[in-house]
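Engineer: This is the structure I want to talk about, given as structure tokens.
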Amino acid sequence: SAVISQKPSRDICQRGTSLTIQCQVDSQVTMMFWYRQQPGQSLTLIATANQGSEATYESGFVIDKFPISRPNLTFSTLTVSNMSPEDSSIYLCSVVAGGRDTQYFGPGTRLTVL
Amino acid sequence: GQNIDQPTEMTATEGAIVQINCTYQTSGFNGLFWYQQHAGEAPTFLSYNVLDGLEEKGRFSSFLSRSKGYSYLLLKELQMKDSASYLCAVMTGGGNKLTFGTGTQQKVEL
């Protein structure tokens, strides 16, 4: 598996502002993803973070709202832009590590937008 | 579209055996995962099935039938610490993308 850390672990933000979430992995990984988990819900894939190129977004998610950077094989950032209360969620990064295509999740960032 | 169904909630007593079912209808199939998620924590990997049959790992086992679009997670000798949400996720298409079910909240009582 891989050891994954996220910063910040939680934050409370004002409507209209932006927050950048960092994801750091202790080893080089090819595949890295960003998910959202809204209160009481399951996980929804936002995008695949591609190293050296633009992220691949899922239906319903756009780059202007969720810009993603992936400068190398151990690090990625997700920005939640122009936030509204509907963006209040837990944001998790995940990586494929070890064998058998298994995804491992970071501890998550709990975001509350007022 | 992708559709993955799980029961919302289950309750059992300590020491029991529980089976959490997952049915899926997806465009493509490259494997099925089970994750455990305690409240306020990230999901942790439990099992992976890509071929039909039973995979056993200690107290937890997972079964897959691809022809029926069906999987279950079996928890034996249930313990209080097993109180958690159990998420079924299907990998489809290329790129290791996972689609998650709604999750099953498993409660364990004394």
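The values are calculated or read from the model by the stated rules, or taken from the named source; none is laboratory data. As the structure is a computational prediction, the values presented were derived from the model and not from experiment. Cβ sites come from the backbone with ideal geometry, for glycine too, and all protein chains shown count toward neighbours. We work out accessible area using only protein heavy atoms, side chains counted, and drop any ligands, DNA or RNA first. Shrake-Rupley method; radii C 1.70, N 1.55, O 1.52, S 1.80 Å.
Engineer: Go through (1) assigned to a strand (DSSP E or B); (2) of a type in the set (Ser, Thr, Tyr); (3) surrounded by fewer than 19 Cβ atoms within 10 Å (Cβ to Cβ) one by one and return the number of the condition residue B:86 breaks.
Structural biologist: With (1) assigned to a strand (DSSP E or B); (2) of a type in the set (Ser, Thr, Tyr); (3) surrounded by fewer than 19 Cβ atoms within 10 Å (Cβ to Cβ) applied to residue B:86, the lone miss is (3).
Engineer: Let me ask something else about it. If I go through region B:1-43 residue by residue, how many of them are open to solvent by 60 Å² or more (accessible area, probe 1.4 Å), of a type in the set (A, V, I, L, M, F, W, C) and within 12 Å of chain A (Cβ to nearest Cβ)?
Structural biologist: Selection size over region B:1-43: 1.
Engineer: OK, next. With the requirement that a residue be within 11 Å of another protein chain (Cβ to nearest Cβ), more than 10 Å from the chain's Cα centre (by Cα) and hydrophobic (A, V, I, L, M, F, W, C), what does region B:78-99 give you?
Structural biologist: Those that are within 11 Å of another protein chain (Cβ to nearest Cβ), more than 10 Å from the chain's Cα centre (by Cα) and hydrophobic (A, V, I, L, M, F, W, C): B:91, B:98.
Engineer: Shifting gears a bit: Report yes if residue A:48 is among the polar types (S, T, N, Q), part of a strand (DSSP E or B), touching an Asp or Glu at 6+ places or on another chain (Cβ under 8 Å) and within 11 Å of chain B (Cβ to nearest Cβ), otherwise no.
Structural biologist: Against the criterion (among the polar types (S, T, N, Q), part of a strand (DSSP E or B), touching an Asp or Glu at 6+ places or on another chain (Cβ under 8 Å) and within 11 Å of chain B (Cβ to nearest Cβ)), residue A:48 does not qualify.
Engineer: Quick one: would you say residue B:75 is crowded, with 20+ Cβ neighbours inside 10 Å, more than 13 Å from chain A (Cβ to nearest Cβ) and in contact (Cβ under 8 Å) with a residue 24 or more places away in the chain?
Structural biologist: yes
Engineer: Looking for whichever is open to solvent by 40 Å² or more (accessible area, probe 1.4 Å), over 10 Å from the mean Cα position of the chain (by Cα) and modelled with pLDDT under 95 here; the options are A:5, A:27, A:9. Which one fits?
Structural biologist: After applying the criteria, what remains is A:27.
Engineer: Is it true that some residue in region A:62-74 is within 15 Å of the chain's Cα centre (by Cα), under 28 Å from residue B:4 (Cα atoms) and among the small types (Gly, Ala, Ser)?
Structural biologist: No, the conditions are met nowhere in region A:62-74.
Engineer: Mind checking which residues of region A:76-114 are facing chain B (nearest Cβ under 9 Å), outside any loop (DSSP other than H, G, I, E, B) and not basic (Lys, Arg)?
Structural biologist: Hits for region A:76-114 are A:90, A:92, A:94, A:96, A:103, A:104, A:105.
Engineer: Please work out if residue A:14 is open to solvent by 60 Å² or more (accessible area, probe 1.4 Å) and touching a Lys or Arg at 6+ places or on another chain (Cβ under 9 Å).
Structural biologist: So residue A:14 fails the test.
Engineer: Kindly indicate whether residue B:30 is polar (S, T, N, Q), more than 14 Å from the chain's Cα centre (by Cα) and on the phi > 0 side of the Ramachandran plot.
Structural biologist: The answer is no for residue B:30.
Engineer: Then there's this: Being closer than 19 Å to residue A:13 by Cβ and open to solvent by 20 Å² or more (accessible area, probe 1.4 Å) is the filter; apply it to region A:62-75 and report the residue that is farthest from the other protein chains (Cβ to nearest Cβ).
Structural biologist: For region A:62-75, the residue satisfying everything is A:64.
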